[in-house]
Amino acid sequence: MIYVISDIHGCCDKYIKMLDMINMSDKDTLYVLGDVIDRGERGVDILREMKNDRRVVPIIGNHESMALGLMRALRGTDTKDLEIRYPKALYTWMLNGGVPTLRGFAALTDEEKAEITEYIDSFSIYENVSAGGRNFHLSHTLPEYDPERDVHDASYLEFIWGEPDYGTVYDENTIFVTGHTPTALIDPEYGGRIWQGNNHIAVDCGAAFENGCLGCICLDTLEEYYVY
Ligand SMILES: [Mn+2]
């Protein structure tokens, strides 16, 4: 079975409960569509859990993308030094819920910091999978990104921060599974539930927000799971 979750945003307890609920075997795979960190308190703990679980395939979100350079810069130095050297990037990260992630990361040993940054660096940009007779494209936000392009160019930033057009069928034969946009923003009636339509599945149920939860979908059965 193939399962998908997204935008855990530091909610480690919900992540652990979800793993319990879906009860994966060693042959199952869990795709995590980015934004593991920030907003909630324990993003770094979730990264460590994921890293030690061979069933998990991580895909990068804008929050990991935003944090990665600063995490690398923080090896062998302290947060005060980051403030001096990268004030703009640090401000942007902090403004987007990075405070608990920075605190958790700064508390790690240099060896642990290296392990976490290397792990994030290994995240996929997107994945294509088949399950239950259907084809799926999995990414944090937009489809059809060219991985050969420079990750610092504008098209990459647009890809990682953008939002798909949920009103448009991109491909008759492929379902585009994405996170990033809480489903309440796609349709207020879907707040806290997975949204499906027009060959899209949106799985960000707003885990870190009030009235939100962590949603998970099994791509073989399209069964949905929720942790509140
Ligand atoms: Mn996002």
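The values are calculated or read from the model by the stated rules, or taken from the named source; none is laboratory data. This structure is a prediction, so every number in the text was calculated from the model and none was measured. Cβ placement follows ideal geometry from the backbone for every residue including glycine, while neighbour counts extend to all protein chains displayed. SASA here: full protein model, heavy atoms, side chains in, ligands and nucleic acids out. Shrake-Rupley method; radii C 1.70, N 1.55, O 1.52, S 1.80 Å.
A compact table of results
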| item | result |
| --- | --- |
| Qualifying positions in segment 71-99 - in contact (Cβ under 8 Å) with a residue 12 or more places away in the chain and either open to solvent by less than 10 Å² (accessible area, probe 1.4 Å) or within 16 Å of the ligand (Cβ to nearest atom) (or both) | Met71, Leu74, Leu82, Thr92, Trp93, Asn96, Gly97, Gly98 |
| Segment 145-157: number of residues that are within 21 Å of Ile37 (Cβ to Cβ), open to solvent by 30 Å² or more (accessible area, probe 1.4 Å) and modelled with pLDDT of 65 or more | 1 |
| Positions within segment 50-69 being away from the ligand (no atom under 16 Å from the Cβ) and surrounded by 17 or more Cβ atoms within 10 Å (Cβ to Cβ), in sequence order | Met50, Val56, Val57 |
| Identity of the residue in segment 109-144, closer than 16 Å to Ile2 by Cα and in a loop (DSSP other than H, G, I, E, B), that ends up least open to solvent (accessible area, probe 1.4 Å) | Gly132 |
| Pairs with Cβ under 9 Å, 6+ apart, first in segment 103-119 and in contact (Cβ under 8 Å) with a residue 24 or more places away in the chain, second among the acidic types (Asp, Glu) and open to solvent by less than 80 Å² (accessible area, probe 1.4 Å) | Gly104/Asp45; Phe105/Glu112; Leu108/Glu115 |
| Residue among Glu210, Glu158, Glu163 that alone is free of Cβ contacts under 8 Å to residues at least 24 places away in the same chain, closer than 23 Å to Leu68 by Cβ and assigned to a loop (DSSP other than H, G, I, E, B) | Glu163 |
| Val4 being within 16 Å of the ligand (Cβ to nearest atom), among the β-branched types (Val, Ile, Thr) and at pLDDT 95 or above | yes |
| Given (1) in contact with a helix residue (DSSP H, G or I) (Cβ under 7 Å, 6 or more places away or on another chain); (2) of a type in the set (Lys, Arg); (3) at pLDDT 95 or above, number of the condition Arg103 does not satisfy | (1) |
| Helices (runs of 4 or more DSSP H) contained in segment 1-92 and holding at least 3 residues of a type outside the set (Asp, Glu) and farther than 19 Å from Ile125 by Cβ | 12-22, 43-51, 79-85 |
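For (1) open to solvent by 50 Å² or more (accessible area, probe 1.4 Å); (2) farther than 20 Å from Ile125 by Cβ; (3) not acidic (Asp, Glu), each residue gets a yes or a no:
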position: Tyr166; (1), (2), (3): no, yes, yes
position: Asp171; (1), (2), (3): yes, no, no
position: Val177; (1), (2), (3): no, no, yes
position: Leu185; (1), (2), (3): yes, yes, yes
position: Glu189; (1), (2), (3): yes, yes, no
position: Arg193; (1), (2), (3): yes, yes, yes
position: Ala202; (1), (2), (3): no, no, yes
position: Gly206; (1), (2), (3): no, yes, yes
